Amino acid sequence: MAWDYTDLVKQHFFSPRNVGKIEAPDGAGQVGSIACGDALSLTIKVDGATDRITDAKFQTFGCGSAIASSSMLTEMVKGKTLDEALSITNQDIAAALGGLPAEKMHCSVMGREALEAAINDYRGVKAKAEEEKDEGRIVCNCFGIAEGKIRRVIREDNLRTVEDVTNYTKAGGGCGSCTAQIEEILEDELGKKAAEEAAVQPARKRLRTNLERINLIQEVLDNEVRPILQKDSGDLDLVDIDGHRVTIRMVGHCSGCRAAGLTTGWIEDKLREIVDPNISLEVLEE
Amino acid sequence: MRTVYLDNNATTQVAPEVVEAMMPFFTERYGNPSSMHDFGGSVGKVIEDAREKVAACLGAEQASEILFTSCGTESDNTAIRSALLSRKGRKRVLTTRVEHPAVLNVARQLEREGFDVTYLPVDRDGLLDLDLLREKMDAEVALVSVMAANNETGVIFPFEEIARIAHEHDALFHTDAVQAVGKIPIRLADSDIDLLALSGHKLNAPKGIGALYIRRGQRFRPFLLGGHQERGRRGGTENVPGIAALGKAAEIAAEHVCDERTRVRALRDRLEAELLKIPGTRLNGHKEQRLPGTSNVSFKNVEGEAILLMLNQEGICASSGSACTSGTLEPSHVLRAMGVPFNFAHGSVRFSLGRYNTDADVDRVLEVMPPLIARLREISPFRD
């Protein structure tokens, strides 16, 4: 398969920023292993007075997107407070690179985990990824991925298929004998999510004012729709809301996408399901 | 920027003589060879001429032993399925862990269908233990399928000897010779090989044409059922331009074997010797028992896809058995079967040279590789 890397990924791969190891770092995070085929070592310097990351360096063993994700991550965290840095998601890293091929999303997850590990190392607490290694059964023996991590990534990244789980965690990407277990976990998580959504539905149905409806439409687009589009390097602009008519413009990879009709149909269904069954969606051409 | 193409095990440039040989069958001579009129019927002679050339290249006894197919995969699939149908009652198949997916995936499917498949291991040089093969043979073995040469490492298997062992137990022998034809001498008439698969695009013919050798007298069951083409052994209108091209390519390949053993091998050896001077580098596959143009080298603690990306930037085409280029997340099954350590398996690069490579190509790779590897090791956390 030919490389489907954005120019930004290529830039960060061919000219990575912040390569190396900070001597006497304030925090260090190591994730991955040579057996898994990718590993990242992140070191940070923190200004104790302001709680800001003043420097970050990385060393990565991995493919083009692993190196590019690490490089982008170091650029993103410098100057941020630790809490601001911790709010960076793997989707943010991928989006900052203009998107990553679906099967390379685990590279961005590795970046997120290394960042969390480095900050927690500084703070003297255990990272979530570390906790997950201790908790729960190992589902994927090829890559040593535990159930806890699979569940977390399904939730955080709105994953919907086993293939998604493999792309984001590598679980199931070796011998494939764990795919049935992954499917069970996925069904369980999707079931929980559906139940949570159903529980909030009655509250949403109490919408009375235009302002309430507008706010909820924006919320659904931001939280439910955009993350999915951004996974495929696409997005949308909300152009207008007039009564029950919502006008949007597809951007990025979604613009001109052959599956645009399916996508916009799905967005309309989502808005009808969560906000109001009378909503109609209009899509403006770019 | 000049392209330096060192990925000839993936595919090859179609030889200009081959292009010339196939062109009339797109334009002036486009008739269907099954037609009654002369315009189509005369094309049939071209097919028979190509069949003779392919048979000659393989040292087959008769041209009728050659069946034209669409590719190596079809040839392998057809051979294995046909062999099992003609050894009904026998439920065992012997193959190796390092076969091409065109054989391995059929073997896995056979297991699901109730066959007992034994996947023979290879040693650290990628070689088979023939004593182990002999041990595993019994009267239940219907088919032994072992590749002639490995696509990733170039390791050549003693396929003629393996065929003899198979026949000692009245089992059939099939070999996937897609990488071997045109690179090493093959003389089927003097061998016990029953079925041999080849692919046109690996020997300077276009993609979409392959052939299967079926020893005379061997029972055969068609894979594609259709018309009476290929004497009823493969339905479907013949790919006449492809067949003409394969005939020409086979003719040239027969002449080229000597060049492979001398000039191409010398180029490969020079490239390999210099690459192995880079610290933390190893050769994957037996040093001698190997195709003359293939070199699979691993660079410790760097990742293969990253190497290929940088080579690509320099206009150099090669391949890697690294996980990130394999479509799965694990490195090459061939390197894993050879027990290549992870820190080398992830950093493997296959250079495969062919007819059109020159000293300048090797010079260019040798200019680029050492700083490229140094740069990636600078980024790697495992460099120490």
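The values are calculated or read from the model by the stated rules, or taken from the named source; none is laboratory data. This one's a predicted model, so the numbers in the text were calculated from it and none came from an experiment. No Cβ is skipped: glycine too gets one built from the backbone with ideal geometry, and neighbour counts run over all protein chains shown. The protein model used for the area step is the full one, side chains on, heavy atoms only, and it has no ligands, DNA or RNA in it. Shrake-Rupley method; radii C 1.70, N 1.55, O 1.52, S 1.80 Å.
For chain B, what's the relative contact order in percent, using C-alpha pairs closer than 8 Å and at least 6 residues apart? That works out to 22 percent. Taking θ as phi - 60° and the Karplus parameters 6.51, -1.76 and 1.60, the scalar couplings of region A:37-53 work out to x, 8, 8, 9, 10, 10, 10, 10, 10, 10, 7, x, 6, 9, 6, 9, 7 Hz in sequence order, x denoting glycine and proline.
Helix B:240-259 axis versus longest C-alpha principal axis of chain B: approximately 50°, rounded to the nearest ten.
Which percentage, to the nearest 5, of the DSSP beta bridges contained in region A:146-286 is antiparallel? Before the final figure, lay out each step's value.
Working: 8 of 13 bridges.
Approximately 60 percent, going by the DSSP bridge assignments.
Surface composition of chain B: carbon plus sulfur atoms hold 51% of the accessible area, using a 1.4 angstrom probe and ignoring ligands, DNA and RNA. Coupling constants for region B:7-23 follow from the phi torsions by the Karplus curve (6.51 cos²θ - 1.76 cosθ + 1.60, θ = phi - 60°), and in residue order they are 10, 6, 6, 7, 6, 10, 5, 6, 5, x, 5, 6, 4, 4, 5, 8, 4 Hz; glycine and proline get x. Per residue, chain B exposes an accessible area of 39 Å² to a 1.4 Å probe, with every protein chain left in place. Rounded to the nearest 20, the size of the Cβ-charge dipole of region A:234-286 about its Cα centre is 160 debye, with Lys and Arg at +1 and Asp and Glu at -1.
Counting protein heavy atoms only and a 1.4 angstrom probe, how many square angstrom of accessible surface do chains B and A bury in total, to the nearest 100? Each step should come with its number before you reach the end.
Values: alone 16040 and 14180 Å², together 27910 Å².
Roughly 2300 Å².
Centroid-to-centroid, using Cα positions, region A:27-71 and region B:210-282 are 47 Å apart.
What shape does region B:225-384 have by the C-alpha gyration tensor, where a ≥ b ≥ c are the square roots of the eigenvalues, rounded means a/c under 1.5, and otherwise prolate means a/b greater than b/c and oblate the rest?
Working: a/c = 2.43, a/b = 1.70, b/c = 1.43.
It comes out prolate by the Cα gyration axes.
Placing +1 on the Cβ of every Lys and Arg and -1 on the Cβ of every Asp and Glu, with nothing else charged, gives region A:1-62 a dipole about its Cα centre of roughly 120 debye. With the cut-off at under 17 Å, measuring from each backbone N in region A:73-107 to a point 7 Å along the Cα-to-Cβ line of A:Q218 picks out no residue. For the Cα atoms of chain A, what angle does the longest principal axis make with the long axis of helix A:105-123, in degrees from 0 to 90, nearest 10? Compared with the principal axis, the helix lies near 60 degrees. Between B:V155 and B:N150, B:L291, the built amide H atoms are under 5 Å apart, and every one of these is 5 or more places off in sequence or on another chain. Over chain B, dividing the summed -39,500 (n - 2.57) contributions of all DSSP H runs of at least 4 residues by the number of residues returns a 222 nm mean residue ellipticity of -11000 deg cm²/dmol.
DSSP finds beta bridges in region B:92-166, and of those with both partners inside it, around 20 percent are antiparallel. Peptide A:65-72 has a mean shielding of 2, counted as Cβ atoms of other protein chains within 10 Å of each residue's Cβ.
Calculate for chain A the 222 nm mean residue ellipticity that helices alone would give, adding -39,500 (n - 2.57) per DSSP H run of length 4 or more and normalising by residue count, nearest 500 deg cm²/dmol. Please list the in-between numbers first.
Numbers: 12 runs with 137 residues, N = 286.
Helices in chain A give a 222 nm mean residue ellipticity of -14500 deg cm²/dmol.
Note that region A:174-186 has calculated 3J(HN,Hα) couplings of x, 6, x, 6, 9, 5, 5, 5, 4, 4, 4, 4, 4 Hz, one per residue in order, obtained from phi through the Karplus relation 6.51 cos²θ - 1.76 cosθ + 1.60 (θ = phi - 60°); glycine and proline are x.
Once the mean of 1/r is taken over each pair of separate Cα atoms and inverted, chain B shows a Kirkwood hydrodynamic radius of 21.6 Å.
If the chain linking B:L132 and B:R282 were pulled fully straight, counting 0.36 nm for each residue of separation and taking away their Cα-Cα distance, it would gain 51.3 nm. In summary, the convex hull built on the alpha carbon positions of region B:1-121 has an orientation-averaged projected area of 12.3 nm².
Per residue, how much accessible area does chain A have with a 1.4 Å probe, in Å²? Can you show the working numbers first?
Numbers: 13030 Å² over 286 residues.
The answer is 46 Å² per residue.
Using a 1.4 Å probe on the protein chains only, how many percent of the accessible area of chain A belongs to carbon and sulfur? Could you put the intermediate results ahead of the total?
On the way: 6220 of 13030 Å².
Of the solvent-accessible surface of chain A, carbon and sulfur hold 48 percent.
Judged by the gyration tensor of its Cα atoms, with axes a ≥ b ≥ c, region A:146-229 is prolate; a/c meets the 1.5 cut and a/b is the larger of a/b and b/c. Against the longest principal axis of chain B, how steep is helix B:159-168, in degrees 0 to 90 to the nearest 10, with axes from Cα atoms? Between helix and principal axis, roughly 50 degrees.
All C-alpha pair distances within chain A, sorted into 10 Å bins from zero, spread as 6, 25, 30, 25, 12, 1, 0 percent across the bins.
Farthest toward the dipole's positive end in the protein assembly as shown, which of A:Q30, B:H256, A:A118, given Cβ charges of +1 (Lys, Arg) and -1 (Asp, Glu) about the Cα centre? Going by the Cα projections, it comes out as B:H256. In this simple spin-label approximation, A:N141 and A:A35 carry label points 7 Å from Cα along the Cα→Cβ vector, and these lie 1.1 nm apart.
Listed by chain and number, the lysines whose C-alpha is less than 27 Å from the C-alpha of B:K136, apart from same-chain residues fewer than 8 away, are B:K88, B:K91. Ranked by the mean number of other Cβ atoms within 10 Å per residue, highest first, peptides B:164-171, B:243-250, B:332-339, B:140-147 order as B:243-250, B:140-147, B:332-339, B:164-171. Antiparallel versus total DSSP beta bridges in the protein assembly as shown: what percent is that, nearest 5? Bridges in the protein assembly as shown are about 65 percent antiparallel.
About its Cα centre, chain A has a charge dipole of approximately 300 debye under the convention of +1 per Lys or Arg Cβ and -1 per Asp or Glu Cβ, with nothing else charged.
Close amide-amide hydrogen proximity is noted between A:S255 and A:D235, each under 5 Å apart and 5 or more residues distant or on a separate chain (H modeled in the peptide plane; Pro and chain starts excluded). When peptides A:263-269, B:47-53, B:109-115 are ranked by their average number of other Cβ atoms within 10 Å per residue, the highest-first order is B:47-53, A:263-269, B:109-115. At q = 0.06, 0.12 Å⁻¹, what log₁₀ I(q)/I(0) does the protein assembly as shown have when each alpha carbon counts as one equal point scatterer in the Debye sum? Summing over Cα pairs of the protein assembly as shown leads to -0.44, -1.26.
When chain B is treated as a Gaussian network with alpha carbon springs shorter than 10 Å, the biggest mean-square fluctuation among B:D194, B:D123, B:D76 belongs to B:D123. Scanning residues 5 or more positions from A:V46 or on other chains, those with amide H under 5 Å from its amide H are A:D26, A:T54, with H placed 1.01 Å from N in the peptide plane.
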